[in-house]
1. Kindly list, by first and then second residue, each pair from a residue in the stretch 45-64 that is closer than 10 Å to PHE8 by Cα to a residue that is in a helix (DSSP H, G or I) and open to solvent by 40 Å² or more (accessible area, probe 1.4 Å), limited to pairs with Cβ atoms under 6 Å and residues at least 6 apart or on different chains.
2. Among the residues of the stretch 5-16 satisfying the criterion of being closer than 16 Å to ASN65 by Cα and not small (Gly, Ala, Ser), which is most open to solvent (accessible area, probe 1.4 Å)?
3. Sort out which residues of the stretch 17-50 are under 16 Å from LEU4 (Cβ atoms), assigned to a loop (DSSP other than H, G, I, E, B) and open to solvent by 90 Å² or more (accessible area, probe 1.4 Å), and write them in order of number.
4. Can you name the residue in the stretch 69-79 that is modelled with pLDDT of 90 or more and surrounded by fewer than 14 Cβ atoms within 10 Å (Cβ to Cβ) and is also farthest from ALA11 (Cα to Cα) among such residues?
Amino acid sequence: LQCLGITFGDALAQHMGLDWVAVEDEYGRDPALRLDGTSVLVFPMTSISKRIEQGEVVDVYDLFNAACNTINDTARHSA
């Protein structure tokens, strides 16, 4: 499922012009996507698996569109 999250992240990166980065904190190191020129970070690796583990039905197209909208909204508000 996390491989699906990375693939999902690659699609977001290509569509939104995001760059893969490594984010490290006291809990470890995780792959994330960063919107160039902003502090906006997205953690797509578990975006699908967390939903499935919670018993949700995942529509990847809806999740993708929602993620794009959230990234755009967050970028506008953080600028």
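1. That search, which allows pairs on different chains as well, returns MET45/GLN2; MET45/ILE6; ILE48/LEU4.
2. The residue in question is GLN14.
3. Selection gives PHE43 alone.
4. For the stretch 69-79, the residue satisfying everything is ASP73.
The values are calculated or read from the model by the stated rules, or taken from the named source; none is laboratory data. Please read all numbers here as calculations on a predicted model, not as lab measurements. Because the Cβ atoms are built from the backbone with ideal geometry, glycine has one as well, and the counts that use them run over all protein chains shown. These accessible areas exclude ligands, DNA and RNA; they are computed on the full protein's heavy atoms, side chains included. Shrake-Rupley method; radii C 1.70, N 1.55, O 1.52, S 1.80 Å.
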